[in-house]
1. Net charge near A:Y88, counting Lys/Arg +1 and Asp/Glu -1 over other residues with Cβ under 10 Å of its Cβ?
2. Could you tell me what percent of the accessible area of chain B is made up of carbon and sulfur, with a 1.4 Å probe and every protein chain present?
3. Considering the alpha-carbon set of chain A alone, what are its Rg and its Dmax in angstrom?
4. Given a 1.4 Å probe and no ligands, DNA or RNA in the count, how much accessible surface is buried by A and B, both sides, to the nearest 100 Å²?
5. How much FRET efficiency would the formula 1/(1 + (r/R0)^6) give for B:N28 and B:E59, where r is the Cβ-Cβ distance and R0 is 22 Å, rounded to 0.05?
6. Strictly greater than 23 Å: what percent of every Cα pair in segment B:14-111 meets that?
7. Pick from B:M32, B:M41, B:M19: which is most flexible by mean-square fluctuation in a GNM of chain B where alpha carbon atoms under 10 Å apart are linked?
8. Of all accessible surface on chain A at a 1.4 Å probe, what whole percent is carbon and sulfur?
Amino acid sequence: SQKIEQNSEALNIQEGKTATLTCNYTNYSPAYLQWYRQDPGRGPVFLLLIRENEKEKRKERLKVTFDTTLKQSLFHITASQPADSATYLCALDMGNTDKLIFGTGTRLQVFP
Amino acid sequence: NAGVTQTPKFQVLKTGQSMTLQCAQDMNHEYMSWYRQDPGMGLRLIHYSVGAGITDQGEVPNGYNVSRSTTEDFPLRLLSAAPSQTSVYFCASSLNQDNEQFFGPGTRLTVL
């Protein structure tokens with residue numbers, strides 16, 4: 001079955017740098033991939049969706065790439081700020097089903 | 001719009017008790033789902049629905065029942081609570097599976 005792998009170790013970066021988070025999947029290529037942000041004690045909040053025929057998507061300081069050959073999506077936050085500190089989750093479909101599954105998330109800490 | 005609402009926010013049960021977690025949305029979304037979130041496990045899909053009268057199992061459905069009699073409501077029933085069901089439960093809704101998911105604030109459940 002489809003598995004999603006996100007780095008479970010926290011990513012610590014300095015304010016102003018670019019943060020890059022990775023989402024790898026193991027089997028078939030999903031039709032789309034979504035990225036969410038989650039703050040402690042809150043529900044996830046949608047950030048970006050990228051479809052299988054799209055290589056890159058941008059929204060303000062956020063950029064997502066999708067490489068079906070590497071079975072990987074990268075999520076970039078440019079000019080990072082302490083307010084970007086949160087856990088970031090990727091989600092994708094399980095293929096030929098209506099199920100949306102999530103990775104375990106990567107915690108990002110941006111320090112001044 | 002209130003978005004996605006969940007009640008209660010907190011609940012403590014004894015082993016063997018049953019209860020219903022409520023979820024409602026006022027965005028006329030067809031797709032609704034329930035996830036549980038445990039430390040180190042990420043969000044795991046319990047059950048989902050693609051429209052009124054239609055439900056299906058997710059990754060971890062055992063011990064839970066759902067029904068979808070209206071577009072707005074998607075309650076999750078715990079039949080006989082077990083300590084392994086101690087978790088934070090999130091309800092989500094969207095137009096369909098491959099659109100932005102809107103999450104509720106979550107219900108923190110403890111089973112003693």
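The values are calculated or read from the model by the stated rules, or taken from the named source; none is laboratory data. Since we're looking at a predicted model, the values are computed, not measured. Here the Cβ positions follow ideal geometry from the backbone for every residue, glycine too, while neighbour counts run over all protein chains shown. Areas reflect the complete protein model, heavy atoms only, side chains present, ligands, DNA and RNA absent. Shrake-Rupley method; radii C 1.70, N 1.55, O 1.52, S 1.80 Å.
1. Working: positive: A:R37, A:R107; negative: A:D84.
Charge balance in the 10 Å sphere: +1.
2. Details: 2570 of 5030 Å².
Carbon plus sulfur share of accessible area: 51 percent.
3. Computed over the Cα atoms of chain A, radius of gyration and Dmax are 13.5, 45 Å.
4. Details: alone 6450 and 5850 Å², together 10650 Å².
Roughly 1700 Å² of accessible surface disappears when A and B pair.
5. Working: r = 27 Å, r/R0 = 1.22.
Between B:N28 and B:E59 the formula returns 0.25.
6. On the way: 886 of 4753 pairs.
Here the tail beyond 23 Å accounts for 19 percent of pairs.
7. Sorting by GNM fluctuation, first place goes to B:M41.
8. It is 46 percent, rounded to a whole number.
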